[in-house]
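Have a look at the structure below, then the notes.
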Amino acid sequence: MNLDFYKYQGTGNDFVMIDNRTKAFPKENIAMISKLCDRHFGVGADGVILIENDADYDFKMIYFNADGSMTFCGNGGRCAVAFAKYLDIINLKTSFIAVDGPHLAEINNGIVSLKMIDVDEVTVKENSVFAYTGTQHHVELVADLDQFPVFEKGKKIRYSYNAPGSNVNFVQQINDTTFRVRTYEKGVENETLACGTGVTAVAIAMHKTGKTTSNLISLPVEGGNLEVSFSEENGVYTNVFLKGPATFVFKGSISF
């Protein structure tokens, strides 16, 4: 089969986007998903995103990690919004459904603001914080992020959690409202240039542990800059928004 695809990226988190409103894509074919993501033998991406019709929402987003596992992806969600606009499914505002539930979003001049799920699962440990922001995230402060062995330490911590494991975010505080982040992502099994659910978890973790009192956090990542805002009451984080660019890269066709 010939498969038409589009490539999008959000702060370096890159995705193969597929218009699957005809339901032609074989979602059970993990080998195909992995090949699409392969940077040597396929298109090359951190994950694959399908856009499908939904009776109750503007569209349905289905996200696969490079290993075929399903989860939610914040930067992927932002790219899905940009792709849906390209397909004329939406205009500037949207309501869509994903594996972790419904999401609202708005797009203006290539910048997507995506409403994330409410977060009430935040566990503060001795040297780290665990939060669920659509997927599992370990957050840990380090002194020198440039020299930190993100891959080696991230892989070890990722498998220290029960299945399906956890993404691992290493954080360096820049100032009261700015935290630099590098992330090891499960499913990709490598460091990625950005992670939307990851920076969301970092922002909430830094607020939860008193590293910041702000509800608007800047988060430089390897691929650019993201922003997270939220409201908090009695330890529950609501109105959580992830904001940043979502960019079309190229389109093409690949044979299987």
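The values are calculated or read from the model by the stated rules, or taken from the named source; none is laboratory data. Remember, it's a predicted structure, so these values are computed and weren't measured experimentally. Using ideal geometry, Cβ is built from the backbone for each residue, glycine included, and neighbour counts are taken over all protein chains shown. Side chains are part of the model used for accessible areas, which takes the heavy atoms of the whole protein and leaves out ligands, DNA and RNA. Shrake-Rupley method; radii C 1.70, N 1.55, O 1.52, S 1.80 Å.
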Subject >> Normalised contact order of the chain, rounded percent, pairs of Cα under 8 Å and 6 or more residues apart >> reply: 22
**OP:** Out of all DSSP beta bridges with both ends in the chain, state the antiparallel percent to the nearest 5.
**Re:** 85
Subject >> ASP38-ALA163 pseudo-label distance in nm [points 7 Å out on the Cα-to-Cβ vector] >> reply: 2.5
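Using a Förster distance of 41 angstrom, determine the FRET efficiency expected from the C-beta separation of ASN225 and ILE30, and round it to 0.05.
It comes out at approximately 0.75.
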Subject >> Using alpha-carbon coordinates, inclination of helix 74-86 to the longest axis of the chain, degrees >> reply: 40
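For the chain, what is the accessible area per residue in Å², given a 1.4 Å probe and the full set of protein chains? Spell out each step's value before the answer.
Values: 11190 Å² over 256 residues.
The answer is 44 Å² per residue.
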**OP:** Keeping every protein chain in place, order HIS207, HIS137 by accessible area at 1.4 Å, biggest value first, i.e. largest first.
**Re:** HIS207, HIS137
Original post:
Looking at this model, which pairs from LYS23/LYS85; LYS27/LYS156; LYS115/LYS153; LYS35/LYS156; LYS27/LYS60; LYS27/LYS155 are more than 21 angstrom apart at the alpha-carbon?
Top reply: LYS27/LYS156; LYS115/LYS153; LYS35/LYS156; LYS27/LYS155
Subject >> R0 of 45 Å, Cβ-Cβ distance VAL99-ALA143: FRET efficiency to nearest 0.05 >> reply: 0.80
Original post:
Rounded to a whole number of µm²/s, how large is the Stokes-Einstein D of the stretch 134-251 at 37 °C and 0.692 mPa s, given Rh as the Kirkwood radius over C-alpha pairs?
Top reply: 226
**OP:** Kindly provide the helix-only [θ] at 222 nm of the chain, computed as the sum of -39,500 (n - 2.57) over DSSP H runs of four or more divided by all residues, to the nearest 500 deg cm²/dmol?
**Re:** -5000 deg cm²/dmol
Subject >> Point-to-point label distance, THR178-PHE248, nm (Cα→Cβ direction, 7 Å offset) >> reply: 3.3
Subject >> Among ALA105, ALA143, ALA163, residue whose mean-square fluctuation peaks in a GNM of the chain (springs only between Cα atoms under 10 Å) >> reply: ALA163
Subject >> Carbon plus sulfur fraction of accessible area for the chain, probe 1.4 Å, in percent >> reply: 47
Subject >> Rg [Å, one decimal], Dmax [Å, integer] - the stretch 55-113, C-alpha atoms >> reply: 11.1, 32
Subject >> Using alpha carbons only: equivalent-ellipsoid semi-axes of the chain, gyration tensor based, whole Å >> reply: 29, 21, 16
Original post:
Once both labels are modelled 7 Å past Cα along the beta-carbon direction, what's the THR238-THR22 spacing in nm?
Top reply: 4.4
**OP:** Under a cut-off of 16 Å between alpha-carbon atoms, report the aspartates and glutamates in cross-link reach of LYS125, not counting same-chain residues fewer than 8 places apart.
**Re:** GLU140
